[in-house]
1. With the requirement that a residue be open to solvent by 40 Å² or more (accessible area, probe 1.4 Å), of a type in the set (Asp, Glu) and farther than 21 Å from residue 266 by Cβ, what does region 219-244 give you?
2. For region 120-130, name all the residues that are open to solvent by 10 Å² or more (accessible area, probe 1.4 Å) and touching a helix residue (DSSP H, G or I) at 6+ places or on another chain (Cβ under 8 Å).
3. Any residue at all in region 78-88 that's farther than 20 Å from residue 158 by Cα, open to solvent by less than 30 Å² (accessible area, probe 1.4 Å) and not in a loop (DSSP other than H, G, I, E, B)?
4. Report, by residue number, each residue of region 24-68 that is at pLDDT below 90, outside any strand (DSSP E or B) and in contact with a Cys (Cβ under 8 Å, 6 or more places away or on another chain).
5. Among the residues of region 247-262, what is the count of those that are hydrophobic (A, V, I, L, M, F, W, C) and either in a strand (DSSP E or B) or open to solvent by less than 50 Å² (accessible area, probe 1.4 Å) (or both)?
6. Could you check region 263-275 and list, in sequence order, the residues that are modelled with pLDDT of 95 or more, more than 20 Å from residue 361 (Cβ to Cβ) and open to solvent by 40 Å² or more (accessible area, probe 1.4 Å)?
7. Taking the stated definitions as given, is residue 286 at pLDDT 95 or above, touching a Gly at 6+ places or on another chain (Cβ under 9 Å) and more than 23 Å from residue 218 (Cβ to Cβ)?
Amino acid sequence: MSQKKEKGFLAGACWTVESLMQAAPGRWLTPPPEDWCATGVSIFSPAMQPGNMVCVRAENEDGGVLAERLDKLPYPPAALIVDDAERVTGSNIPVYLVEDRNEALLNMGRYARNKMLGNVIGVTGSAGKTTCVAMLTAALAEWGPALGSAQNANLPRGVAWNIASMPWDTPQVVLEIAIGRMDISTRMARPNVAVVTNIQAVHLKENQSLRDIARTKAMIFLGMKPGDVAVLNRDMQEWDCIYAAAVKQGLRIVTYGQQEVCDCRLLAYDAATNGVKAEIFGQSLSYTMQAEGLHMALNSVATLAVVSALGYSPEAALARLTRFQALPGRGEINHLSVDGHPLTVIDDAYNANPGSMMMAVSQLSASISPGRKVLVLGEMAELGDEYERYYRALIDGINQSQIDTIYLIGQQYVACADMFSAHKHYILLADVEAFKDAYLKDIQDGDIVLLKGSHSTQVWKLVSWLKRLASR
């Protein structure tokens with residue numbers, strides 16, 4: 001099934017027969033038509049775009065599309081990439097056979113990166129990566145088309161999929177790069193600007209420390225060349241480790257944060273108005289964000305640091321930056337009516353670590369909206385050997401907050417219950433299902449409900465539940 005060209009090339013397409021065979025050597029089981037081209041490659045059906053090739057996977061593998069589900073795809077594939085000739089039979093779609101489908105995908109990412117003409121910005125950190133990518137992508141669109149990682153696909157195959165599916169002449173490309181096999185991802189992405197947002201206690205295994213996390217995060221610099229730019233949060237933990245790695249790679253270092261020494265400094269944040277005052281390489285800027293919270297203000301300063309490092313005007317970025325809204329699962333604000341009760345639901349439930357939990361507590365505590373402040377917390381996963389210390393710090397922060405009611409989901413909170421101040425109203429729950437009955441019995445008009453927890457705790461399901469109730 002061919003994709004018709006427009007003026008000799010499918011709009012947005014990059015891949016021809018020649019470029020595909022150069023990137024990932026193989027052979028055609030079902031040859032493509034003479035005018036064949038493709039826009040990219042898909043390994044995730046919901047994110048498929050018109051003109052994409054599709055990687056076909058075996059039943060028990062991750063990544064790719066099952067041959068039995070090809071008729072469920074949103075668009076006809078430009079071609080099927082397989083590493084088992086028996087996976088697809090009798091298809092009239094072009095079929096391309098490679099030795100290893102996953103390695104072919106990585107090689108396509110590497111090939112596409114070699115062809116890219118614009119800026120490539122890589123973003124890593126323990127928290128805030130996806131939001132930072134989205135904010136940067138929005139702001140950089142002031143200087144031509146800007147594309148960011150789709151579906152926060154941030155491991156090597158996801159990075160390859162994103163790069164291989166972006167037009168090679170895109171002026172601004174922003175990629176999320178996670179800690180897993182980062183050396184492979186960064187050498188593929190080869191960013192000319194890298195952002196490190198923070199180092200937090202997350203993904204810690206037994207006997208691992210924050211320093212271990214920092215060393216791994218710093219591997220993002222391995223894909224960069226001397227003179228490229230590292231935009232670093234000066235306030236982050238393990239600063240010296242990240243800084244030393246950037247210096248060793250010969251990078252130009254730009255700092256952001258709240259300290260006086262920062263190149264790009266957050267001077268003030270007003271939680272009542274979301275007003276930000278910042279100084280970007282000596283230029284004073286005042287602006288108002290739509291996204292709420294100190295962490296969003298810091299992300300905006302990081303974004304302006306990148307804009308400046310690329311030689312663009314930070315002031316020109318503000319029109320787009322100030323329109324940015326928080327993403328679902330990462331601070332999105334929903335105004336709902338549940339059983340006749342108007343609520344404000346802050347969906348920060350995608351994931352959690354000690355730092356992002358404290359940011360959430362601070363955001364809710366600082367809210368000036370009328371109504372009861374309700375905090376719904378799942379447990380924090382992968383904290384390593386010092387997990388008790390992180391829970392104690394979290395509860396201490398809650399005790400000092402202006403939050404009225406706290407729902408705590410999971411056994412870890414039971415062990416910490418005696419740490420709460422006597423004036424704090426908290427409810428201990430075994431699981432997310434128990435929250436539903438408990439909250440509906442206690443719901444009040446005007447509640448401001450913030451939900452957060454590690455993804456494995458499934459607190460995010462409660463956001464969907466509240467939305468379903470509101471849609472009835």
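1. The answer is 240, and nothing else.
2. 126, 127, 128
3. Our first condition is that a residue be farther than 20 Å from residue 158 by Cα; within region 78-88, this holds for 84-88.
The next check asks that each one be open to solvent by less than 30 Å² (accessible area, probe 1.4 Å); those that pass are 88.
Then keep just the ones that are not in a loop (DSSP other than H, G, I, E, B); that gives none.
So far as region 78-88 goes, no, none of its residues is farther than 20 Å from residue 158 by Cα, open to solvent by less than 30 Å² (accessible area, probe 1.4 Å) and not in a loop (DSSP other than H, G, I, E, B).
4. 43, 63, 64
5. Counting residues in region 247-262 that are hydrophobic (A, V, I, L, M, F, W, C) and either in a strand (DSSP E or B) or open to solvent by less than 50 Å² (accessible area, probe 1.4 Å) (or both) gives 4.
6. Answer for region 263-275, where residues must be modelled with pLDDT of 95 or more, more than 20 Å from residue 361 (Cβ to Cβ) and open to solvent by 40 Å² or more (accessible area, probe 1.4 Å): 263, 265, 267, 268.
7. yes
Condition check ((1) out of contact with any Lys or Arg (no Cβ under 6 Å at 6 or more places or on another chain); (2) open to solvent by less than 70 Å² (accessible area, probe 1.4 Å)) across all residues:
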site: 388; (1), (2): yes, no
site: 395; (1), (2): yes, yes
site: 414; (1), (2): yes, no
site: 417; (1), (2): yes, yes
site: 441; (1), (2): yes, no
site: 447; (1), (2): no, yes
site: 452; (1), (2): yes, yes
site: 459; (1), (2): yes, yes
site: 462; (1), (2): yes, yes
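The values are calculated or read from the model by the stated rules, or taken from the named source; none is laboratory data. Here the structure is a predicted model, which is why all the values come from computation and not from measurement. Please note: Cβ atoms are built from the backbone with ideal geometry, for glycine as well, and neighbour counts cover all protein chains shown. Accessible surface is based on the protein model in full, side chains and every heavy atom, while ligands, DNA and RNA are left aside. Shrake-Rupley method; radii C 1.70, N 1.55, O 1.52, S 1.80 Å.
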